[in-house]
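The values are calculated or read from the model by the stated rules, or taken from the named source; none is laboratory data. Computed from a predicted model, the values in this text were never measured in an experiment. Here Cβ is always computed from backbone atoms with ideal geometry, including for glycine, and neighbour counts include all displayed protein chains.
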Amino acid sequence: MASDIISLKDVTFSYKGSKRCALDGITLNVKQGECVAILGPTGAGKSTLACVMNGTAPRFMDGSLAGDVTVDGMVPAKVGTAQMASRVGLVFGDPDTQLFGMTVEEDVAFGPSNLGLGYESIMERVGKSMKDMRLSGLERRAPHRLSGGQKQATAIAGVYAMLPKIMVLDEPTSMLDPEGKARVFGIVRMLKEQLGVTVVLIEQEVDDILNLADRVFVMRRGKFVLSGAPREVFGRVEELRQAGVRVPQIVEFGTLIGAAETPFSIDEAVSAVGLPCSSTNEVESRAPSAHDGHDVHDEQDDVVVEAVDVEFTYPGGARALDGVDLAINRGDFVAIVGQNGAGKTTLTRHFNGLLRPSSGDIRVLGRSAQGVPTIELCRHVGYVFQNPDEQLFCTSVQEELKFGPTNIGADPAVTSQRVEEILSDIGLAKYREVWPKYLTKGERQRLALASVVAMDPDVLIVDEPTTGLDWVESLQILDYLEQLRDKHGKTIIIITHDMNIVSLYARRVVVMARGRVVGDGAPREIFSQPDLMELACLRRPPIADLSQALWGEVLLTPAEAAARLLAAKSQAAGVCSE
Amino acid sequence: MPLGQGALGLGVSYALALGYLVLMWFLGSILSRQYPVEHRVAWDTRTIARVTILAAVAGAGAMIKIPGPATTIALDAAAGYFAAAFFGWPVGATVAAIGCFLANALGGFASWLPMVPIYLSAMALTVTMAVFVAKKVNIVVAIVVGTIVNTITCLGPWALMIGTPLMIALLPSQVIGSAVNALVGLSVAEALKAAQNRKRPESID
Amino acid sequence: MIVEYESKSSAVHRLDPRVKFAWMFAAIVISVMWTHPVYLILLALAVVGFGLLAGFPWSKIRGVLSFMIIVTAIITLVQGATYVPKTVTLDEPARVLFHLIPSWIPRVGPACPIRVGGFLYGIGMALKVVTVLVVVAIFGFTTSPSEIVQIIARVPFMPYQVGFVMSTAWKFVPVVQMQMRTLMDAHRSKGVDFEQGAFSEKIKKTSGIVLPLFANSLSMADTMALAMESRAFGSSRKFTFIRPYRMEPFDWVVLIGSLGAMVASILLLAVFKLGAL
């Protein structure tokens, strides 16, 4: 086809020194102005595909490429960096490593400056790009002072200033909070609809892709396993699951109720419910009412960590906590949610003494933490940081797990045994001698968590455990946490932006905004308060919206909603037959 | 005692700094010739990115303070040693020099701006000399040599300008600081090289 | 930099940083060459005038200055006592001005004669030290560190890659610092106490931060290089800086004034020995 701007035919790529093909016979044709989404688990070869499109693989990444690649009439591997860079713009997930200027303006100009263009034409491009990406007014700001969403918008503006016809975005939202995600998806929509750029979007956020992409490809182990229009692809629930891609909730619900036509939006789902069901599917529900018994009240006397009227002001003068009262009970699974800057991390860092309240008190296991150092508190309260790379210090998996217990003087024999147990629990037993850096991000995240678990604390605080992970990896982490709670009686506190995770695992949700606790209750209760959700800039899962629309009550999972529907139907059928 | 030689001293120091660079170049070219795999560097984008990040690490390292016996010790030079041992002397010398500049800039050029160029060349020479010795003898001797060379090259110019007494006063903290940086930089490089040679997950599956 | 940079809008702050650099350079060169106290006082006054124009916070260097005055007083006396310079302006450089140990002290006095030549030479030295100190302080007060990095980054004939490394590394320092802080917090959360233990143990604990820091910087560098490639880094010999400094008339005045004064003083010193003691 003449209008194909990207044409890949039977493309194979393997990295130097690796036996496995990162890309294994990929064929892809993209028309000018199309928006194509590529889904798939980590390690499926998505990023390699992106690099093949602008020639950085194999020009920059050592490896061997086979097959035909034509992008905008060029063979990327054969033309120079400059030529490819002004045809195909590549944006990555981590905003920090792709910002180069001392100011936003300089950063946006970086690409054109590299091309050696004249000052006037660079400034013209910078001005336009910044205006298009809604960055006007930030010209002189230092990039590291921007919010995550603004940083990523700057990175996109910088690539866009090269005036590429094609933009390849490699998980551009993976490090962002919901607000930043929304901003980036807004930009992608604009690139596609107003600026006429051909977009290849590599993403994990299925709910957003559904209404954005023209075509969707699902990758697994270097191959496309599914492709087609979003509605076709997302309708294939079983194959999606096998490929390790999260099924959009509304779609899952549609499948569960056996709708004749798969619904993709809430409206469609509502009308699908109205239609007679084509089959009577047996619904295997994931214990729909498991999280109803929000049993805080029964265990109130066994508080493990508690904040009493805690205020905290950073040395710079920014007030981060403004009178927080919060008690966490033993054995609970608590999710702390809220916008970035709401004080979630600041609060939880008080519980193991990394931060000390400006006023108020922190109590750990009933005793004031005042004057108790972190190295003492860490025996009771384990803290897992957001980025696994910032908390893995050793050169083998095994050493990593022994690091904490050794520091707190745990019995070596007990430690060895515990480490063995943990290794098999997290499925890394065979990698005990491996350098953690060589593990995948999901494995590193599990290891980071396990390295804290190895110290056997009563409470585990886990800061954004699923950032940058795919759906399967996220579930592995959360399942492990749930196992720790159920089997070992640990108290789990997670900080998260992912409402799907909240609805699946949390028993109690604490909503924070502007340094205060503004909401506290079971997920169901929290999701039933639209004002609260808006105040904290949260978006509840689609299934909650749907169940609200259908029955005026909030349900948490598609399975639960489907069960509710079937119950209602059989009741109605019973009424009719009488 | 003609103290007025401060000015002249600065001039001589600049000449000395040039000498440092020449010596560095000399040792470096021996390394590049004899160990081309480790010490011949292509200045491609990847190398430039490495230099950038490691220079930033050196700058930030200036703010790690280890309370030591004489003074607190900043880890501003460790990145240079590390880079030289890990990526070859050209990268190491560049990281050491630029890192030293950034550390000074971040400290507000407290140790006197006109001296900075001399420090830069001194650091570049020191790390090159250290990896040279590490390659020819062993890492322990390299740390000792690195410490001595760093102390002499950094304090020598001061001695020329303001006399030996002040230099002797500065000596202990300089020696300890140099030694700790050499030790940390070179030993971490060894540790990371060993880690890199560990089995990869693919080979286990 | 003795006095930290402050963002202000004084005439000096608004000067092109390269011009300020030239001014500093010229002032240091002149102060190094001249040895005559009277000339050095003139130079010091000129520098002070510049400082007043910049709204320099004099009170902030009071501490350093008073310390320097003690040091320079000692220098002056030591020079006066120990050194007789070759001089072109003094008839009797070896004439004794006074004795450090006056004659009314029995047995020892008079002793330690302070001679005119050495004394004046010492005063000149003291003035030089103070002047250079103030010059560097004014430069630091009016020029942001990022501007300094920019000046270095744009030295003519230097490959722009060097400038890129400097300014980008500068930008990256806060990012690395954040990472360092997290690494330390993560160590504390796993029971590492940085304050406790012998010196060697502290070094070992600190290496624990350095190892992951370096390891992370390797992977960060790879991602960054990929992003640079994608923005055509290194594809052209020319790199267009987008903050071209615009030289205003006042910039030219200061630049020509500074460099002119420097050249003139070199010539006058060489030919007429003006400025020499």
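Worth pointing out:
- You will find that of B:I64, B:I139, the residue that is surrounded by fewer than 24 Cβ atoms within 10 Å (Cβ to Cβ), within 9 Å of another protein chain (Cβ to nearest Cβ) and not charged (D, E, K, R) is B:I64 and no other.
- Out of B:L54, B:L120, B:L102, B:L75, sole residue that is closer than 29 Å to C:R181 by Cα, surrounded by fewer than 24 Cβ atoms within 10 Å (Cβ to Cβ) and within 14 Å of chain C (Cβ to nearest Cβ): B:L120
- Residue check for C:A261: more than 14 Å from chain A (Cβ to nearest Cβ) and in a helix (DSSP H, G or I): yes
- Looking only at the range A:534-560, residues that are without any contact (Cβ under 8 Å) to a residue 40 or more places away in the chain and either within 19 Å of the chain's Cα centre (by Cα) or over 16 Å from A:H497 (Cβ atoms) (or both) come to 6 in all.
- Single unsatisfied condition, A:C35 versus (1) more than 14 Å from every other protein chain (Cβ to nearest Cβ); (2) more than 30 Å from B:E202 (Cα to Cα); (3) surrounded by fewer than 19 Cβ atoms within 10 Å (Cβ to Cβ): (3)
The rows are residues; the columns are (1) assigned by TED's automatic domain parsing to the domain that holds A:I336; (2) closer than 17 Å to A:A335 by Cα; (3) buried (at least 22 other Cβ atoms within 10 Å of the Cβ).
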site	(1), (2), (3)
A:V384	yes, yes, yes
A:Q391	yes, no, yes
A:C394	yes, no, no
A:E433	yes, no, no
A:Q445	yes, no, yes
A:D456	yes, no, no
A:P465	yes, yes, yes
A:D470	yes, no, yes
A:I493	yes, yes, yes
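- Test set (1) more than 29 Å from A:E421 (Cα to Cα); (2) surrounded by fewer than 21 Cβ atoms within 10 Å (Cβ to Cβ); (3) touching a strand residue (DSSP E or B) at 6+ places or on another chain (Cβ under 7 Å) - A:V510 fails condition number: (2)
- Between C:I123, C:I101, C:I105, C:I114, the distinction of being closer than 23 Å to C:T82 by Cα, surrounded by fewer than 16 Cβ atoms within 10 Å (Cβ to Cβ) and either touching a residue at least 60 places away in the same chain (Cβ under 8 Å) or in contact with a Gly (Cβ under 7 Å, 6 or more places away or on another chain) (or both) belongs to C:I101 only.
- Consider the range B:180-205 and keep the residues that are modelled with pLDDT under 90 and surrounded by fewer than 13 Cβ atoms within 10 Å (Cβ to Cβ). The one that is nearest to B:T71 (Cα to Cα) is B:N197.
- Applying a threshold of 6 Å to beta carbon distances and a minimum spacing of six or more residues, or different chains, the list of pairs starting in the range B:52-72 at a residue that is more than 12 Å from B:L106 (Cβ to Cβ) and ending at one that is part of a helix (DSSP H, G or I) and among the basic types (K, R) reads B:I66/C:K202.
- Hey, A:T440 under 21 Å from A:P465 (Cα atoms) and in contact (Cβ under 8 Å) with a residue 40 or more places away in the chain or not: yes
- Of the residues making up the range A:419-428, not a single one is facing another protein chain (nearest Cβ under 10 Å) and either touching a residue at least 60 places away in the same chain (Cβ under 8 Å) or assigned to a helix (DSSP H, G or I) (or both).
- Restricting attention to the range A:147-168, the residues that are assigned to a loop (DSSP other than H, G, I, E, B) and under 22 Å from C:V175 (Cβ atoms) total 1.
- Given (1) within 14 Å of chain C (Cβ to nearest Cβ); (2) acidic (D, E); (3) within 23 Å of the chain's Cα centre (by Cα), number of the condition A:D470 does not satisfy: (1)
- Meeting the requirement of 2 or more residues that are among the charged types (D, E, K, R) and in contact (Cβ under 8 Å) with a residue 40 or more places away in the chain, the helices (runs of 4 or more DSSP H) wholly within the range A:169-258 are A:178-193.
- Helices (runs of 4 or more DSSP H) lying entirely in the range C:105-193 (those with 1 or more residues that are of a type in the set (F, W, Y), out of contact with any Cys (no Cβ under 6 Å at 6 or more places or on another chain) and modelled with pLDDT under 85): C:116-142, C:160-189
- Some residue of the range A:328-338 being farther than 27 Å from A:R540 by Cβ and in the same structural domain as A:G521 (by TED's automatic domain parsing): yes
- Within the range B:22-33, not a single residue is on the phi > 0 side of the Ramachandran plot and either modelled with pLDDT of 90 or more or assigned to a helix (DSSP H, G or I) (or both).
- Taking every residue in the range A:366-381 that is buried (at least 20 other Cβ atoms within 10 Å of the Cβ) and pairing it with any residue that is acidic (D, E), at least 6 positions away or on another chain, the pairs with Cβ-Cβ distances below 6 Å are A:I375/C:D193; A:H380/A:D458.
- C:A227 satisfies every condition listed in (1) of a type in the set (A, V, I, L, M, F, W, C); (2) under 24 Å from A:P95 (Cα atoms); (3) in a loop (DSSP other than H, G, I, E, B) except (3).
- Take the conditions (1) within 12 Å of another protein chain (Cβ to nearest Cβ); (2) without any contact (Cβ under 8 Å) to a residue 40 or more places away in the chain; (3) of a type outside the set (V, I, T); (4) in a strand (DSSP E or B); A:K19 misses just one of them, which is (4).
- Residues in the range A:35-53 that are over 15 Å from A:C21 (Cα atoms) and of a type in the set (V, I, T): A:V36, A:I38.
- Residue within the range C:241-254 that is at pLDDT 90 or above and not in a helix (DSSP H, G or I) present: no
- The range C:223-272: number of residues that are of a type in the set (S, T, Y) and free of Cβ contacts under 8 Å to residues at least 60 places away in the same chain: 5
- C:S219 falls short on exactly one of the conditions (1) crowded, with 17+ Cβ neighbours inside 10 Å; (2) modelled with pLDDT of 85 or more; (3) part of a helix (DSSP H, G or I); (4) at the interface with chain A (Cβ under 8 Å from one of its Cβ atoms), and that condition is (1).
Matching residues to (1) within 8 Å of chain C (Cβ to nearest Cβ); (2) modelled with pLDDT under 85; (3) over 22 Å from A:Q339 (Cβ atoms):
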position: A:E105; (1), (2), (3): yes, no, yes
position: A:G111; (1), (2), (3): yes, no, yes
position: A:G127; (1), (2), (3): no, no, yes
position: A:K131; (1), (2), (3): no, no, yes
position: A:Q152; (1), (2), (3): no, no, no
position: A:I156; (1), (2), (3): no, no, no
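- None of C:V173, C:V136, C:V210, C:V129 is under 30 Å from A:G116 (Cβ atoms) and either within 14 Å of chain A (Cβ to nearest Cβ) or within 25 Å of the chain's Cα centre (by Cα) (or both) except C:V173.
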